[in-house]
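One structure is given here, and the rest of the page talks about it.
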Amino acid sequence: MKFFNNSSTITGFILLGFPGPREKQVLLFVLFSVVFLLTLMGNGLIICAVRWDQRLHTPMYILLANFSFLEIWYVTSTVPNMLANFLSDTKVISFSGCFLQFYFFFSLGSTECFFLAVMAFDRYLAICQPLHYPTIMTGRLCTDLVVSCWVLGFLWFLIPITIISQMSFCGSRIIDHFLCDPGPLLALTCTRYPAIELTSSTLSSLLLFIPFICIMVSYSLVLQAVLRVPSAAGRRKAFSTCGSHLAVVSLFYGSVMVMYISPTSEHKAGMQKIMTLLYSVVTPLINPVIYSLRNKDMKHAIKKLLRRRIGCFLYDSKVTNSVF
């Protein structure tokens with residue numbers, strides 16, 4: 001994707017991020033570096049556990065592994081640039097870099113919305129249609145759903161973002177945020193474009209509410225089915241399976257809906273940053289914790305993977321020491 005700058009006055013933007021003294025910037029750099037590394041490690045562990053444990057080669061865990069892969073790229077679209085800004089004196093991001101971040105951040109966020117809906121549909125089939133589940137949720141259907149999530153996610157905001165990138169920007173080039181967000185960007189345009197703002201708001205609303213309604217309908221049917229299960233152990237197992245997914249949905253949708261329902265951003269800059277941090281940084285960090293702690297099979301697979309890796313490391317160390 002190639003973006004062109006029609007403005008003769010702005011060749012880049014300044015992302016203010018979290019302004020403060022140098023000591024605060026260094027502290028935030030260390031904090032978010034640790035968060036970033038933990039996010040990569042946690043989601044990477046889930047991907048490796050699903051890859052190497054044959055018992056997890058089922059649609060539920062394949063979707064989870066793809067979701068973790070998505071989370072790695074989602075957090076990578078913003079955090080490395082944010083870390084660089086903490087140590088930068090200028091905090092400048094190029095025009096093309098800003099819109100590339102804008103595109104990938106929103107495309108990956110859109111893909112996450114679709115994945116959450118597909119994962120809810122998978123749980124509905126597994127609990128409400130257990131006898132037909134193997135014949136419905138085949139490997140082919142699972143692959144088609146995964147591909148559809150990625151394709152729809154990366155096409156959803158393509159046209160609005162391309163149009164916004166062609167606008168003329170003038171005056172201040174300061175964005176009081178840690179990423180290139182549509183609200184602050186539209187505020188920097190030389191002329192207001194209500195049609196573009198309305199289009200962006202409509203697409204955001206459809207993206208949020210259509211998957212959210214699908215998720216709510218799926219879990220309403222799941223709840224009805226679970227309440228009809230005669231054994232308490234069976235009900236607990238079903239609730240445990242769905243509880244982790246609902247926790248992720250609540251955190252992600254709760255923060256996103258606060259941000260992107262109005263046509264333009266009407267929230268204070270501080271609130272914008274906090275809400276964006278919740279769904280762009282905190283959610284990818286805690287997702288592996290939620291899914292691994294509430295799932296016995298995943299906990300067993302991760303422990304087995306870690307024991308294997310640690311064992312190989314210790315064995316390699318012994319061999320190296322014996323050679324020298």
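Computed from the coordinates by the stated procedures, all read-outs in this text should not be read as laboratory data. Worth saying up front: this structure is predicted, and the values here are computed from it rather than measured. Positions of Cβ are backbone-derived with ideal geometry, glycine not excepted, and every protein chain shown enters the neighbour counts.
For CYS170, nonlocal amide neighbours, meaning residues 5 or more places apart or on other chains whose placed amide H falls under 5 Å from its own, are CYS190. Electrostatic bookkeeping for GLY20 treats Lys and Arg as +1 and Asp and Glu as -1; over the other residues with beta carbon under 14 Å from its beta carbon, the sum is +1. Ordering 212-223, 23-34 by mean Cβ neighbour count within 10 Å, with the highest value first, yields 212-223, 23-34.
Extension gain, ILE174 to VAL217: 0.36 nm times the residue separation minus the Cα-Cα distance gives 11.2 nm. Percent of C-alpha pairs per 10 Å bin in region 98-182, short distances first: 15, 34, 23, 15, 9, 3, 0. Stretched out straight at 0.36 nm per residue, the stretch from VAL92 to MET257 would grow longer than its current Cα-Cα span by 56.5 nm. The stretch between LEU16 and MET41 holds 6.2 nm of extra length on full extension. This uses 0.36 nm per residue minus the Cα-Cα distance. Considering only LEU285, VAL50, PHE102, and ranking their Cα positions along the charge dipole of the chain that arises from unit charges at the beta-carbon of Lys, Arg, Asp and Glu, the one farthest toward the positive end is VAL50. Loop-located trypsin sites (Lys or Arg not before Pro) in region 143-238 (DSSP state other than H, G, I, E, B) with a sparse environment of at most 12 neighbouring Cβ atoms within 10 Å: ARG192, ARG228.
Note on the chain: GNM, Cα springs under 10 Å; of SER168, SER250, SER231, the largest mean-square fluctuation is that of SER231. Taken along the Cα-to-beta-carbon direction at a fixed 7 Å, the label points for HIS57 and ALA232 span 3.9 nm. State which helices in the chain qualify, where a helix is a whole DSSP H run, it must extend 20 Å or more along its own axis by its Cα atoms, and its mean Kyte-Doolittle hydropathy must be at least 1.6. Sorted by number, the helices that extend far enough and score high enough are 194-227. Using Cβ point charges alone (K and R +1, D and E -1), the dipole size of the chain about the Cα centre works out to roughly 1180 debye. Largest GNM mean-square fluctuation across PRO80, PRO21, PRO130, computed for the chain with C-alpha springs under 10 Å, falls on PRO21. What the Kirkwood sum gives for region 158-239 is a hydrodynamic radius of 16.4 Å, with every pair of different alpha carbons counted.
Relative contact order, whole percent, for the chain stands at 27, derived from Cα pairs under 8 Å and 6 or more residues apart.
Distance between the C-alpha centres of region 134-177 and region 280-306: 26 Å, rounded to the whole angstrom. Comparing LEU15, LEU179, LEU198 in a Gaussian network model of the chain where C-alpha atoms under 10 Å apart are linked, the largest mean-square fluctuation is found at LEU198.
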